[in-house]
There are 2 protein chains.
Amino acid sequence: MANITKKVSWSSRGDESGAGEGTPLLNGSEPRVPAQLSGGITVCQVGRLSTVDLEEEITTEEDSARGRPKEIPHNEKLLSLKYESLDYDNIENQLFLEEERRMSFMGFRCLEISRWVVCGLIGFLTGLIACFIDIVVEQLAGIKYHVIKENIVKFTETGGLSISLILWAVLNSSFVMVGSIIVAFIEPIAAGSGIPQIKCYLNGVKIPRVVRLKTLVVKVCGVICSVVGGLAVGKEGPMIHSGAVVAAGVSQGRSTSLKRDLKIFEYFRRDTEKRDFVSAGAAAGVSAAFGAPVGGVLFSLEEGASFWNQMLTWRIFFASMISTFTLNFFLSIYHNKPGDLSNPGLINFGRFESDSMEYNLYEIPLFIAMGAIGGVLGALFNILNYWLTIFRIRYVHRPCLQVMEAMLVAAVTATVSFTMIYFSNDCQPLGPDHTEEYPLQLFCADGEYNSMATAFFNTPERSVRSLFHDSQGTYNPLTLGLFTLTYFFLACWTYGLAVSAGVFIPSLLIGAAWGRLCGILLSSITSAGTSWADPGKYALIGAAAQLGGIVRMTLSLTVILVEATGNITYGLPIMLVLMTAKIVGDYFQEGLYDIHIKLQSVPFLHWEAPATSHWLTAREVMSSPVTCLNRIEKVGTIVDTLSNTSTNHNGFPVVVQVSENDEPAKLCGLILRSQLIVLLKHKVFVELARSRLTRRKLQLKDFRDAYPRFPPIQSIHVSQDERECMMDLTEFMNPTPYTVPQETSLPRVFKLFRALGLRHLVVADDENRVVGLVTRKDLARYHLGKHGLEELQLAQT
Amino acid sequence: MANITKKVSWSSRGDESGAGEGTPLLNGSEPRVPAQLSGGITVCQVGRLSTVDLEEEITTEEDSARGRPKEIPHNEKLLSLKYESLDYDNIENQLFLEEERRMSFMGFRCLEISRWVVCGLIGFLTGLIACFIDIVVEQLAGIKYHVIKENIVKFTETGGLSISLILWAVLNSSFVMVGSIIVAFIEPIAAGSGIPQIKCYLNGVKIPRVVRLKTLVVKVCGVICSVVGGLAVGKEGPMIHSGAVVAAGVSQGRSTSLKRDLKIFEYFRRDTEKRDFVSAGAAAGVSAAFGAPVGGVLFSLEEGASFWNQMLTWRIFFASMISTFTLNFFLSIYHNKPGDLSNPGLINFGRFESDSMEYNLYEIPLFIAMGAIGGVLGALFNILNYWLTIFRIRYVHRPCLQVMEAMLVAAVTATVSFTMIYFSNDCQPLGPDHTEEYPLQLFCADGEYNSMATAFFNTPERSVRSLFHDSQGTYNPLTLGLFTLTYFFLACWTYGLAVSAGVFIPSLLIGAAWGRLCGILLSSITSAGTSWADPGKYALIGAAAQLGGIVRMTLSLTVILVEATGNITYGLPIMLVLMTAKIVGDYFQEGLYDIHIKLQSVPFLHWEAPATSHWLTAREVMSSPVTCLNRIEKVGTIVDTLSNTSTNHNGFPVVVQVSENDEPAKLCGLILRSQLIVLLKHKVFVELARSRLTRRKLQLKDFRDAYPRFPPIQSIHVSQDERECMMDLTEFMNPTPYTVPQETSLPRVFKLFRALGLRHLVVADDENRVVGLVTRKDLARYHLGKHGLEELQLAQT
């Protein structure tokens, strides 16, 4: 499996258009008059839409479809055809319109109310999960650090600290092993922070199994293990993924994994509604993680919602609020202070008092400079992680290897930490009101503690808080410098392991460390008397710079940091810093999440078409020829079309022959593979309808019941007799698909596609004949590279 | 003019379609085969798009087009045809595409940078304006209150306080007179808070003169006069309008009023770009007014941007941040504390310390009940104001009457305040660290002050702050009750006067008063010892409830209030309260801004089509028949079409005859009135181009120079010879207008129209022939009334 590159079928555009059907290679520049083929199938023009996800039927194919790291093509100049698109556009067929028209005003009211109920539930459950993670991590980490501390204290006197080191390394490795095994063997999609996956989902890409219950369970257990295992990770990122899974589950009113159907919320069983709820779930996750409900809303909007809707946003905000409130409430009970709602999020940066933390106008250039440093360091982090990921794809793709790597990282982390603490001689007096949770005395005098241990011998969240708030002189510069250096490489090595873990907290920690260092240096440069360079302030700015340099989020990150610090005063500096970090970082390398999305070759649509793409038109970007179906089509033809594994289209324009002569057929609708499968399953044939008059009419409910795991065509048996029957698609097709003329420029096509969240966009000529079909991959293929507009290649992986 | 109703031409749908052209009345249900008329004009189907705004050429018409209150039809079941639509869709004609294709990647970079620069400038200037208003108001109000206080002190001893009253009333009336005169006589659009107008602008409706420099000057001076004049108004609402005007001015790089063209930012001279900047300006205004940069962004997005764009939002945020920063910085200098950036906005609610202001779970039902009260009171406020507005439209429409009414209100406000203070015997001890700016002793003992005066004898902002923060026992319940009652009616009477003024602060003040009252009553009901019912907390909740009940904003208001109080802890309660207030209030009456928008019959598009409108299709809603133009059209025909005052279309589908026989013409593009006018002005005729080869080719610059005040057709002279020339529209028309089939349901049409911010949407049949045109008014016409779906009538006013 090491030679994965050979499996990647490097198909160029021309290859793809002509594949399977034996159609002569078309360059797609000239529309071609469609021809009626002998098989009865109207090939207007054939294009590959995207590979069908055969779900879990073909077991030999399953592993390769699972999106395990080993399957990632190692070249970001590819676009995978394996990802399907979500359909944000309602299929307004006759069934749907009839249902909507039947529904009374009160019916819509009830729907609206149930949307609110669902969002409330999402927030509540997400908050509960966050609470669970927090408490379990705190308890387990407490036990772990307690045991190790006892051990260290014992052996500091007697000698033989290597035993403590071994104990520490073994404890870490065991926790990480558990976390890594469940991820690598049970659900590989639960690896990492999940933010790239949720970004893709909200963008409209269907990532297989990303919002399943199993993923949630693995994610939650995994993140507990990796944080307790002492890795350089945070528990915040995975909350976003968890919230999204909760949302996808709750909103559907059933669980396919548990085989339970509560028969509620059936109206929400389609991509449009589900995606709205997943936005709310992601926001609730951010809200629970950082205590930032507004930041959560902005995260969802920044990453996802292409069409802004006031009510939707308000619901997302409600879910966020409930989530942070729930977490807050239960944590207050856990901490025996019921009603004290002052722990808004998983991470608590502590309160920055506005009086002590003013900044001055002349500090702003300093902040901007720190932003630039953060951008450079972030880019370095991303480049190193990029190389590491390529290496992992090539050589560390088997689950057992992945587990071993994770354990190795855990052991190394423990060893490095121990060594740093051991050789550090930065002793600080232990004040009466010290905030250190596990102060290590080690070789310090009595009443003192090892300062390096505050940073290393602690959960990363606490270390960040210490760096922000400990008073001046708590750390000496050497300690901070060494810590930054080691933690930088540890965090970089850790991200991408087969464990559930976030990168937010490690980034903040690195940034806080060098930020504080900057603050100390500035203080020492300027007159020692003035205290304007409060190291805590610079730690905050450094943390923002480093995080911004790595993830390159902007608006939402500003608001998240402002909310997490509970101080609005730093809004402008944080924004300036994040912007500088983004500009500087983008000069070298993309953001971390974007790198991982690109390495998975996901057809991700950005906000706008590349600026210099006005010379491209729909004619050039569309797939053509397109496989079309007649409005009344033979069952055999449909089955053959669907079974054609070499094409695997997902949407078919429906055409109608207006006159008897050879005049080409006109577009009259669009139908999806999933709809055809349901129709075939229920044998909705014209002949049968005539013979059995009492037969139940197919309803929208049948489509909803099958959603989202439509059976593959192979599982549907169609007899030879039935193949000769006819199917009338009129009632089921979308009769008013959006169309564009061939001359439409790419930015215009892009805008329509993105604003409405389409999956298929029909390109028609001025006679309303189908000449092509634009799908997500046709648009995602063009991107701005270093040498102007570049075109990605399409691959079957 | 009292019988304004007679001037309103109550035209039904049928009337409108058949008007002018003498075309037989069509009900628009069946497409009609177009006929070539003798005049050379291809009447596909004729529809009224919207009345041309003849700008300031026809002076007799000017007054009526000015949107003065007297012109508002007094029936909200009408939809005015006088408002044009903005075009958020780029006109991608050949000229545009050529320019875009010529532009290098660096060119786009520079454009992006200049967008940032413009946003920075917008923020800076908006902040400066806010600073100017704040300082001038403070100075003038200080002088006023000082003079009156001296006077009162003098006459309290000697008797004859009626002289003080007269002094107060005269001072107030004179300020208000000045403010009212400039508004009523110079720029009536500057009346009120400007938020309804900006909402409409961001929604895509072109409100004449709303973003002009003159409006800004009148607005700023007007708001100073009305606040200093002691009216029950705030200076915050107008900031939003001011920010929008600044944005519209700065982004165009020229001022038509000042006749200056800086020849910069020419690329931004079109609706798309301008509207983006106006969003930023509005956000900067909110940010400066409330110190709420995030709230400002959310306000803009909630009210405006239909298509969410990450970069745009980030720029809006930047403008907001710069705005609040600028205000902060200059105010810190003004207050002699340079660098102390703790005055984030015009209003300063003071800092709510999180320690003292915890809330408990059992208080949440109380908050919700207060939200309901706020909803009821808000609805009452709106109903009263609605009746008052109708009354004003009928009887108080002449500027001098308006000025007199404003002066009357000012005098009454002073009198009522004085009476309340005079008869109040709520004396409070004047502590050593009292915060009252102008403590009035009046009949109180030495060392005491009149508590009623704290509320009345003060700018409203200060009164709000006192109600939030004054310690328990500062006010007695009777004082608060009386104050609430009087201020409620005063504020209600004031809103809608011909003065620049906001409704935010009066609403907050009313709410804070009765909220504090609730707090006091709750304290007295429960055991007197416990202090959980901090009156300041209840004042805040009451303020939120009242404001929410009046304006019915939700998400952005939550964030604005959270940011203004600087305390995130109250996020959830405030949200619950605002939601309750909205639900309860909506049961009785719409929000105040929506009422005023409706009373002006603006074709405002909501976020979604009415829920129960699925049975309507494009066929029913579209205007038809449509006036089409040929691709190569006779100049005379074009001039006649544009001059036809009975139709006044603004967009014309361009069609082309494919074959010689009578087959109907196919759609090939769309051209706007404004483009045709520029073409006629530059005499872009086929014959002239042939004769004069050296003639300069028309460029995009010519269109930009004419934007946005295109001359009316009457000002363009076309000789009889020229009328026989031909015009080739190919290069200038938009060759790829969006089209929908006739069967498309209304929600689907609505979604496309709204998501892309269209102005014209062509309805085509399956032969690509034009059968109708959907414009804003066709969609805005349908709304959910109390008895299900209602259709508004169209009126020419």
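The values are calculated or read from the model by the stated rules, or taken from the named source; none is laboratory data. None of these values were measured; they are calculated from a predicted model. When we count neighbours, we look across all protein chains shown, and the Cβ atoms used for this are built from the backbone with ideal geometry, even at glycine. Accessible surface areas use protein heavy atoms only, side chains included; no ligands, DNA or RNA. Shrake-Rupley method; radii C 1.70, N 1.55, O 1.52, S 1.80 Å.
Here is a list of conditions, (1) surrounded by fewer than 21 Cβ atoms within 10 Å (Cβ to Cβ); (2) in contact with a strand residue (DSSP E or B) (Cβ under 9 Å, 6 or more places away or on another chain); (3) among the hydrophobic types (A, V, I, L, M, F, W, C), and B:ILE595 meets all of them except one; can you say which number that is?
(2)
Could you tell me which residue of the range B:773-791 is nearest to the other protein chains (Cβ to nearest Cβ), considering only residues that are within 28 Å of A:GLU767 (Cβ to Cβ) and touching a helix residue (DSSP H, G or I) at 6+ places or on another chain (Cβ under 7 Å)? I'd like the intermediate steps shown before the answer.
Just the residues of the range B:773-791 that are within 28 Å of A:GLU767 (Cβ to Cβ), to begin with: B:773-775, B:778.
Restricting the remaining residues to those that are touching a helix residue (DSSP H, G or I) at 6+ places or on another chain (Cβ under 7 Å) gives B:774, B:778.
Details: B:VAL774: 13, B:ASP778: 17 Å.
Applying the filter and picking the extreme gives B:VAL774.
Taking the conditions exactly as written (open to solvent by 10 Å² or more (accessible area, probe 1.4 Å) and without any contact (Cβ under 8 Å) to a residue 12 or more places away in the chain), does A:ILE224 satisfy them or not? So that I can check it myself, show each step before the final result.
Working: open to solvent by 10 Å² or more (accessible area, probe 1.4 Å): yes; without any contact (Cβ under 8 Å) to a residue 12 or more places away in the chain: no.
The answer is no for A:ILE224.
Criterion first (under 14 Å from B:GLY502 (Cβ atoms), modelled with pLDDT of 90 or more and surrounded by fewer than 21 Cβ atoms within 10 Å (Cβ to Cβ)) does B:VAL137 satisfy it?
Values: under 14 Å from B:GLY502 (Cβ atoms): yes; modelled with pLDDT of 90 or more: yes; surrounded by fewer than 21 Cβ atoms within 10 Å (Cβ to Cβ): yes.
In short, yes.
Report yes if A:LEU521 is open to solvent by 10 Å² or more (accessible area, probe 1.4 Å), in a helix (DSSP H, G or I), more than 30 Å from B:SER287 (Cβ to Cβ) and touching a residue at least 24 places away in the same chain (Cβ under 8 Å), otherwise no.
On the way: open to solvent by 10 Å² or more (accessible area, probe 1.4 Å): yes; in a helix (DSSP H, G or I): yes; more than 30 Å from B:SER287 (Cβ to Cβ): yes; touching a residue at least 24 places away in the same chain (Cβ under 8 Å): yes.
Criteria met by A:LEU521.
Which condition number does A:ALA305 fail, the rest of (1) at pLDDT 85 or above; (2) in a loop (DSSP other than H, G, I, E, B) being met?
(1)
Quick one: is A:ALA289 without any contact (Cβ under 8 Å) to a residue 60 or more places away in the chain, among the aliphatic types (A, V, I, L, M) and either touching a strand residue (DSSP E or B) at 6+ places or on another chain (Cβ under 6 Å) or more than 11 Å from every other protein chain (Cβ to nearest Cβ) (or both)?
Working: without any contact (Cβ under 8 Å) to a residue 60 or more places away in the chain: no; among the aliphatic types (A, V, I, L, M): yes; either touching a strand residue (DSSP E or B) at 6+ places or on another chain (Cβ under 6 Å) or more than 11 Å from every other protein chain (Cβ to nearest Cβ) (or both): yes.
In short, no.
For a quick check of your reading: which helices (runs of 4 or more DSSP H) sit entirely within the range B:366-478 and have at least 1 residues that are aliphatic (A, V, I, L, M), surrounded by fewer than 22 Cβ atoms within 10 Å (Cβ to Cβ) and under 33 Å from the mean Cα position of the chain (by Cα)?
On the way: elements: B:399-423, B:451-456, B:460-469.
Fully inside the range B:366-478 and qualifying: B:399-423.
Quick one: which residue in B:GLU620, B:GLU608, B:GLU590, B:GLU563 is more than 14 Å from every other protein chain (Cβ to nearest Cβ) and among the acidic types (Asp, Glu)? Walk me through it before giving the result.
Numbers: B:GLU620 fails: more than 14 Å from every other protein chain (Cβ to nearest Cβ); B:GLU608 fails: more than 14 Å from every other protein chain (Cβ to nearest Cβ); B:GLU563 fails: more than 14 Å from every other protein chain (Cβ to nearest Cβ).
Of B:GLU620, B:GLU608, B:GLU590, B:GLU563, the one residue that is more than 14 Å from every other protein chain (Cβ to nearest Cβ) and among the acidic types (Asp, Glu) is B:GLU590.
Residues to consider are A:LYS154, A:LYS144; find the one that is of a type outside the set (Val, Ile, Thr), more than 14 Å from chain B (Cβ to nearest Cβ), assigned to a helix (DSSP H, G or I) and open to solvent by 50 Å² or more (accessible area, probe 1.4 Å). Steps first, answer last, please.
On the way: A:LYS144 fails: open to solvent by 50 Å² or more (accessible area, probe 1.4 Å).
Answer to the selection: A:LYS154.
Which residues, counting only those in the range A:229-277, are hydrophobic (A, V, I, L, M, F, W, C) and open to solvent by 30 Å² or more (accessible area, probe 1.4 Å)?
Residues of the range A:229-277 hydrophobic (A, V, I, L, M, F, W, C): A:231-233, A:239-240, A:244-248, A:250, A:258, A:262, A:264-265, A:268, A:277.
If the condition is that a residue be hydrophobic (A, V, I, L, M, F, W, C) and open to solvent by 30 Å² or more (accessible area, probe 1.4 Å), then A:LEU258, A:LEU262, A:ILE264, A:PHE265 are the ones that fit.
Could you look through the range B:646-678, keep only residues that are farther than 20 Å from B:GLY772 by Cα and within 40 Å of the chain's Cα centre (by Cα), and pick out the one that is most open to solvent (accessible area, probe 1.4 Å)?
Of everything passing the filter in the range B:646-678, B:SER674 is most open to solvent (accessible area, probe 1.4 Å).
All but one of (1) over 30 Å from A:PRO238 (Cβ atoms); (2) modelled with pLDDT under 80; (3) in contact with a Gly (Cβ under 8 Å, 6 or more places away or on another chain) hold for A:CYS518; which doesn't?
(2)
Among the residues of the range A:703-754, which ones are open to solvent by 20 Å² or more (accessible area, probe 1.4 Å) and of a type in the set (Gly, Ala, Ser)?
A:SER715, A:SER719, listed by residue number.
Going through the range B:574-589 one residue at a time, which ones are touching a residue at least 24 places away in the same chain (Cβ under 8 Å) and crowded, with 24+ Cβ neighbours inside 10 Å? Please lay out each step first, then the result.
Applying the first criterion (touching a residue at least 24 places away in the same chain (Cβ under 8 Å)) to the range B:574-589 yields B:574, B:576-589.
Correct list: B:ILE574, B:VAL577, B:LEU578, B:ALA581, B:GLY585.
Hey, does the range B:762-774 have a residue that's within 20 Å of B:PRO664 (Cα to Cα) and without any contact (Cβ under 8 Å) to a residue 40 or more places away in the chain?
Narrowing the range B:762-774 to residues within 20 Å of B:PRO664 (Cα to Cα): B:762-773.
From what is left, the residues that are without any contact (Cβ under 8 Å) to a residue 40 or more places away in the chain are B:766.
Within the range B:762-774, one or more residues are within 20 Å of B:PRO664 (Cα to Cα) and without any contact (Cβ under 8 Å) to a residue 40 or more places away in the chain.
Might you check whether a residue that is over 20 Å from A:VAL278 (Cα atoms), surrounded by 16 or more Cβ atoms within 10 Å (Cβ to Cβ) and in contact with a Ser or Thr (Cβ under 6 Å, 6 or more places away or on another chain) occurs anywhere in the range A:120-133?
Within the range A:120-133, not a single residue is over 20 Å from A:VAL278 (Cα atoms), surrounded by 16 or more Cβ atoms within 10 Å (Cβ to Cβ) and in contact with a Ser or Thr (Cβ under 6 Å, 6 or more places away or on another chain).
Which of the residues that make up the range B:720-754 are among the acidic types (Asp, Glu) and more than 14 Å from chain A (Cβ to nearest Cβ)?
Applying the first criterion (among the acidic types (Asp, Glu)) to the range B:720-754 yields B:721-722, B:724, B:728, B:731, B:743.
B:ASP721, B:GLU722, B:GLU724, B:ASP728, listed by residue number.
Can we say A:SER601 is more than 14 Å from chain B (Cβ to nearest Cβ) and in contact with an Asp or Glu (Cβ under 9 Å, 6 or more places away or on another chain)? Reasoning before the result, please.
Details: more than 14 Å from chain B (Cβ to nearest Cβ): yes; in contact with an Asp or Glu (Cβ under 9 Å, 6 or more places away or on another chain): yes.
Taking the combined requirement at face value, the residue satisfies it.
What about B:ARG212, is it touching a Lys or Arg at 6+ places or on another chain (Cβ under 8 Å) and open to solvent by 10 Å² or more (accessible area, probe 1.4 Å)? Steps first, answer last, please.
Details: touching a Lys or Arg at 6+ places or on another chain (Cβ under 8 Å): no; open to solvent by 10 Å² or more (accessible area, probe 1.4 Å): yes.
The answer is no for B:ARG212.
If you scan the range A:215-239, which residues turn out to be of a type in the set (Ser, Thr, Tyr) and more than 26 Å from A:PRO293 (Cβ to Cβ)?
Applying the first criterion (of a type in the set (Ser, Thr, Tyr)) to the range A:215-239 yields A:215, A:226.
A:SER226, the sole residue that qualifies.
Every residue, every condition in (1) within 14 Å of chain B (Cβ to nearest Cβ); (2) over 30 Å from B:LEU331 (Cα atoms); (3) at pLDDT below 75, yes or no:
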| site | (1), (2), (3) |
| --- | --- |
| A:GLY350 | yes, no, yes |
| A:ASP355 | yes, no, yes |
| A:TYR359 | yes, no, yes |
| A:ILE364 | yes, no, no |
| A:GLY375 | no, yes, no |
| A:ILE393 | no, yes, no |
| A:HIS397 | no, yes, no |
